[in-house]
1. Write out, first by first residue and then by second, each pair whose Cβ atoms fall under 6 Å of each other, whose residues are 6+ apart or on separate chains, and whose first residue, in segment 120-141, is without any contact (Cβ under 8 Å) to a residue 60 or more places away in the chain while the second is surrounded by fewer than 23 Cβ atoms within 10 Å (Cβ to Cβ) and among the small types (Gly, Ala, Ser).
2. Taking the stated definitions as given, is Ala118 of a type outside the set (Ser, Thr, Tyr) and surrounded by fewer than 19 Cβ atoms within 10 Å (Cβ to Cβ)?
3. Output the residue which, of all residues in segment 28-41 that are under 11 Å from Phe58 (Cα atoms) and touching a helix residue (DSSP H, G or I) at 6+ places or on another chain (Cβ under 8 Å), is surrounded by the fewest Cβ atoms within 10 Å (Cβ to Cβ).
4. Suppose the filter is under 23 Å from Phe58 (Cβ atoms) and either surrounded by fewer than 23 Cβ atoms within 10 Å (Cβ to Cβ) or out of contact with any Ser or Thr (no Cβ under 7 Å at 6 or more places or on another chain) (or both); does Thr111 pass it?
5. Can you tell me which of Ala3, Ala47 is of a type outside the set (D, E, K, R), within 16 Å of the chain's Cα centre (by Cα) and either surrounded by 12 or more Cβ atoms within 10 Å (Cβ to Cβ) or at pLDDT below 95 (or both)?
6. Would you be able to tell me the number of residues in segment 96-137 that are outside any strand (DSSP E or B) and small (Gly, Ala, Ser)?
7. Where residues in segment 88-108 are under 24 Å from Asn69 (Cβ atoms) and free of Cβ contacts under 8 Å to residues at least 24 places away in the same chain, which of them is surrounded by the fewest Cβ atoms within 10 Å (Cβ to Cβ)?
Amino acid sequence: MTAAAPSVEELEAQERRLVLPRFTYDDAWALGSLLVELARERRAPVAIDITRGGQQLFHAALPGSTPDNDAWIDRKRRVVERYGCSSYLVGARFRAKGTTFEASSRLDPDTYAAHAGAFPLAVEGAGVIGAVVVSGLPQVEDHALVVAALERFIAA
């Protein structure tokens, strides 16, 4: 069952709320492991990736994922790096203006994808320092999986 697509306002509120006090190598392992656990519970055929400052700190590919998921991860992560917000929010903002990212961003769609699943890792006082990305499910579900993991991670 696919959830309803969140509005631009809901996506912006998620990003304001999901700010981390810090983000270490151990935090990357813990968040990535939590994502793997949640994905396995859902039998989700996803690939998961966490980067900070251009360095890949975590990567996992679960059964059913493919090399295409890694290509989507790279494209969605680049959107977070360029815009400083989730790939889903970037695409939603273009759609809210009556256009699409592909038609109006002037960026190569083979390099950038404003599709859901990449979320900024924002740290208090430091801003966006990296990204956590999931690929393999319908857009709304990729995004929801990342948000659920970040909510649980921050609450812990």
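1. Note: pairs meeting the criteria are Val128/Gly84; Val128/Ala122.
2. Criteria not met by Ala118.
3. Ala30
4. yes
5. Ala47
6. Of the residues in that region, 12 qualify.
7. Asp108
For every residue, the table says whether it meets (1) part of a helix (DSSP H, G or I); (2) over 15 Å from Pro138 (Cα atoms).
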{"site": "Phe23", "(1), (2)": "no, yes"}
{"site": "Gly32", "(1), (2)": "yes, yes"}
{"site": "Val36", "(1), (2)": "yes, yes"}
{"site": "Arg43", "(1), (2)": "no, no"}
{"site": "Thr51", "(1), (2)": "no, yes"}
{"site": "Leu57", "(1), (2)": "no, yes"}
{"site": "Gly64", "(1), (2)": "no, no"}
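The values are calculated or read from the model by the stated rules, or taken from the named source; none is laboratory data. All values derive from a computational prediction rather than experimental measurement. A quick note on method: Cβ atoms are made from the backbone with ideal geometry, for glycine too, and the neighbour counts reach across all protein chains shown.
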